[in-house]
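The values are calculated or read from the model by the stated rules, or taken from the named source; none is laboratory data. Worth saying up front: this structure is predicted, and the values here are computed from it rather than measured. No Cβ is skipped: glycine too gets one built from the backbone with ideal geometry, and neighbour counts run over all protein chains shown.
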Amino acid sequence: MASISELLKPGAPIAPPADAQAAAAELSAACGGAVYPESVTLCGEAVFFVSRQDGEHEAAVACRAAGPEPAAFSEFPGNVEIAGGLHVRTSGNPREAAAALRAHLPFLRPKLIGLATSLGLGDRLGLATPGHVRAIRGTGLAPYFAQQSIREMTRTKRTPQEVQDMAALGAMQAGWRGGYGSDADHLKTVQDIDYCLAAGFTMFTIDPGDHVDGAADGLQPSSLAAAFRDLPWKALETSAGDCLSRYAGSPVSLDGAPGLEMSEAEVMRAAVKYGRAVAHVAVLYRHLSEKAGAGRFELEVSVDETDAPTSVAEHYYVASELARLGVQWVSLAPRFVGRFEKGVDYIGDLAELRTALAGHAAVARTLGPYKLSIHSGSDKFSVYPLAAEAARGLVHVKTAGTSYLEALRTLASGADCGLFREILKFAIERYEEDKKSYHVSAQLGKVPRPERLKDAELAEVLEQFDARQALHVTFGSVLNTGSFKPRLVRALADNEEMHYGILARHLGRHAAPFARK
């Protein structure tokens, strides 16, 4: 095999070496760390890679010691070392290293995903991306490796920039060169948008749930009419009369589902329920358009975190009104029937959900096309085949907390059984308080007590409904209390192959029903 020095040529394309194992061995000798073969990437007269040294990950670049330094090398952070005829720079600073890598490797810059079938892969620790890469590789799905909500960032004390940087470094380590999106999730204000825009996110998920009037479903005719008259018609850039004229009594044909015909009462109820939310989305979309520029971002609209389900007719109203106001989006998340609780499978009537999914997907095809987005999508294994069938590829599934649970499974599988016991005990203590901002139904009395379990039984706790939810919703408290987080991070680093394998198996089950053949 040619040496690294022989492979570095002016104008050479960005690509992995023909023999990545041999290249990694040579670079390991040069930098003194263990280089991940998948990460080795030739780029003209420089080669980028990721190594592990003393339990820590470092991004690095090398070039020939003889001759002028290429820009890819001189612009990389870190001091110069000379070994084996190579100049090497390494950096353990994630922000600086990720910025330098993105400057020269386009596949590490988050991109627009569009209508491709996609999977969101949230990572609350910043360590899961290599496992996510293994789960997504070969499926044909478009990944969002950087995905985190404002709520999650607050609880984990991570910044949007940190989320972006750790996803880039994880993708580099695992040799993912197919590109990926980044999703700033559940944004509610212009300040949220600006915060995430500055970090280079490509998709912005607007959550107008605070403006959805869930009480509309129960209003009597006189109260409904009054509430309809009081809607912010100026902000909606229309009138009550025009709204009724647009929708009431007008038959609508849907692509692949029974048509719609809304009565005046149904129109008023849809408008009262979602009108203010539509106006709020329009305000945030226009702000984002002005700040980012047309064609520079993607939008998702999410009304899933509400108590009342979104009917197919209400979905049609919301999408039609957003389009009328000039909003453009790639995906929309209704509040589906049944319960999409955190960390567990779907709770409800699957036949009813199948019918609803078919109707919602038909609206998305008719008025878009745009993707149907499934939030709280982790572990909904009974739902995936139904969603894949209904959406016909126009679907986006979001996962997040399940990757944290798989990190805990790594502990319970032998990485650190003692730490898992401590976290389970703490989660039991914190659950009643931490569950207040989630839709969950776990009962503490059913959660297995750690002191009663043998080490060989700990991993099975992650299969138990009540324990999964208790562990899921207490992640913020765990990561911000005492030494839990540094000990968890260290255990995962010391057992990273186990961690990545567990993630790949679990998230692979999420991806498989949607895989593009």
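Here are some notes:
- Count - residues of region 359-386 that are under 18 Å from the mean Cα position of the chain (by Cα), of a type in the set (A, V, I, L, M, F, W, C) and crowded, with 20+ Cβ neighbours inside 10 Å: 2
- Within region 289-339, the residues that satisfy the criterion of being under 21 Å from the mean Cα position of the chain (by Cα), among the polar types (S, T, N, Q) and farther than 21 Å from D255 by Cβ are S302, T306.
- The residue pairs whose first member lies in region 43-71 and is at negative phi, whose second member is at pLDDT below 95 and polar (S, T, N, Q), and whose beta carbons are closer than 7 Å, counting only pairs six or more residues apart or on different chains, are R64/S5.
- The residue of region 220-231 that is nearest to L325 (Cα to Cα), among those that are surrounded by 13 or more Cβ atoms within 10 Å (Cβ to Cβ) and touching a helix residue (DSSP H, G or I) at 6+ places or on another chain (Cβ under 8 Å), is L231.
- If you go through region 267-279 and pick out every residue that is in contact with a strand residue (DSSP E or B) (Cβ under 8 Å, 6 or more places away or on another chain) and not small (G, A, S), you end up with 1.
- Test: Y384 is out of contact with any Asp or Glu (no Cβ under 9 Å at 6 or more places or on another chain) and either closer than 18 Å to V212 by Cβ or outside the structural domain of E266 (by TED's automatic domain parsing) (or both): no
For (1) surrounded by fewer than 20 Cβ atoms within 10 Å (Cβ to Cβ); (2) more than 16 Å from V50 (Cβ to Cβ), each residue gets a yes or a no:
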residue	(1), (2)
P77	yes, no
T90	no, no
R95	yes, no
A100	no, no
F107	yes, no
I113	no, yes
T117	no, yes
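- Residue count for region 377-434, restricted to those that are over 16 Å from K342 (Cβ atoms) and among the aliphatic types (A, V, I, L, M): 14
- Test: residue in region 296-312 that is buried (at least 16 other Cβ atoms within 10 Å of the Cβ), farther than 20 Å from V212 by Cα and modelled with pLDDT of 95 or more: yes
- Tally of residues being touching a strand residue (DSSP E or B) at 6+ places or on another chain (Cβ under 7 Å), surrounded by fewer than 21 Cβ atoms within 10 Å (Cβ to Cβ) and under 30 Å from P232 (Cα atoms) across region 328-358: 1
- Pairs with Cβ under 9 Å, 6+ apart, first in region 84-96 and over 18 Å from P70 (Cβ atoms) and in contact (Cβ under 8 Å) with a residue 60 or more places away in the chain, second among the small types (G, A, S) and in a strand (DSSP E or B): P94/A59
- Every residue from region 246-261 that is surrounded by fewer than 23 Cβ atoms within 10 Å (Cβ to Cβ) and either free of Cβ contacts under 8 Å to residues at least 24 places away in the same chain or in contact with a strand residue (DSSP E or B) (Cβ under 7 Å, 6 or more places away or on another chain) (or both): A248, G249, S250, P251, V252, S253, L254, G259, L260, E261
- Cβ-Cβ under 7 Å pairs, at least 6 apart or on other chains, region 140-157 side more than 21 Å from V301 (Cβ to Cβ), far side at pLDDT below 95: G140/R516; L141/R516
- Any hit, region 38-55, residues being surrounded by 20 or more Cβ atoms within 10 Å (Cβ to Cβ), polar (S, T, N, Q), part of a strand (DSSP E or B) and in contact with a Gly (Cβ under 9 Å, 6 or more places away or on another chain): yes
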